[in-house]
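Novice: Below is one structure. I have some questions about it.
The values are calculated or read from the model by the stated rules, or taken from the named source; none is laboratory data. Note that the coordinates shown come from a computational prediction; the quantities given were computed from them, not determined experimentally. Positions of Cβ are generated from backbone atoms using ideal geometry, with glycine treated the same way; all protein chains shown enter the neighbour counts.
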Amino acid sequence: MLPRALRFLAGLALGVSIWWMAAPAYNYLLAPATQLLLHADRRLAAAALLPQERNVFVTSSTPLPTATMPADQITYNIILLLALFASNDRPWRLANVRGLAIALLILFVSHCTGLLISIESTYAVRQGVWSEQHYGEAAASFWLTTELVFRIVGMFGVVFASWWALSHSKSVST
């Protein structure tokens, strides 16, 4: 059996290659799922999310300004998730693979949430006059802070929490 550090590095290499190759296709799942969430905000209800390569473009038939969201900057935490699950003892056993599958679903929800937060932050803070007309100072500060916390803590916190919970439960250790 390989030492844990080597399994981690192998998972890291696998994660980088999967993320790099799959990100454009993954955005075709991420964009419509996030669009459903985005329609809850009346300011952005007319927005259409269009995936293209590693980005998601926000467009609209209304006077909503367009924006480009680098979606791959929200999804690269899958690399760490795959590395952590690969570092587990017997990474191919059913319980570990099941835990990874559940963690991937959790990660997908966090990616949708992260993209939603980035879009809200972009429209609250980075759209000039439009931002000033549609978001107050408190809302702009809220969305900017939420985006920063998500990108610094949340993206990695969800990975570590999922890995820990799904790798250290009784069903996984048997």
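Novice: Considering (1) closer than 17 Å to HIS134 by Cβ; (2) out of contact with any Leu (no Cβ under 7 Å at 6 or more places or on another chain); (3) surrounded by 15 or more Cβ atoms within 10 Å (Cβ to Cβ), say which one ARG54 fails and leave the rest.
Specialist: Here ARG54 clears every test but (1).
Novice: Examine segment 120-136 for a residue that is closer than 30 Å to LEU2 by Cβ and surrounded by 15 or more Cβ atoms within 10 Å (Cβ to Cβ), and state whether such a residue exists.
Specialist: No, every residue in segment 120-136 fails to be closer than 30 Å to LEU2 by Cβ and surrounded by 15 or more Cβ atoms within 10 Å (Cβ to Cβ).
Novice: Sticking with this one: Picking from THR75, THR34, THR62, which residue would you name as being surrounded by fewer than 14 Cβ atoms within 10 Å (Cβ to Cβ) and closer than 26 Å to SER131 by Cβ?
Specialist: Answer to the selection: THR62.
Novice: Hey, among THR75, THR68, THR62, THR34, which residue is at pLDDT below 95 and polar (S, T, N, Q)? Please lay out each step first, then the result.
Specialist: Numbers: THR75 fails: at pLDDT below 95; THR68 fails: at pLDDT below 95; THR34 fails: at pLDDT below 95.
Criteria check complete, one pass: THR62.
Novice: Taking the residues in segment 156-173 that are assigned to a helix (DSSP H, G or I) and of a type in the set (Gly, Ala, Ser) as candidates, determine which candidate is farthest from ARG43 (Cα to Cα).
Specialist: The extreme case among them is SER173.
Novice: Mind telling me which of the residues GLY15, GLY114 ends up being without any contact (Cβ under 8 Å) to a residue 60 or more places away in the chain, within 15 Å of VAL159 (Cβ to Cβ) and buried (at least 18 other Cβ atoms within 10 Å of the Cβ)?
Specialist: GLY114
Novice: Can you tell me how many residues in segment 119-130 are hydroxyl-bearing (Ser, Thr, Tyr) and over 15 Å from VAL58 (Cα atoms)?
Specialist: Residues meeting the conditions: 0.
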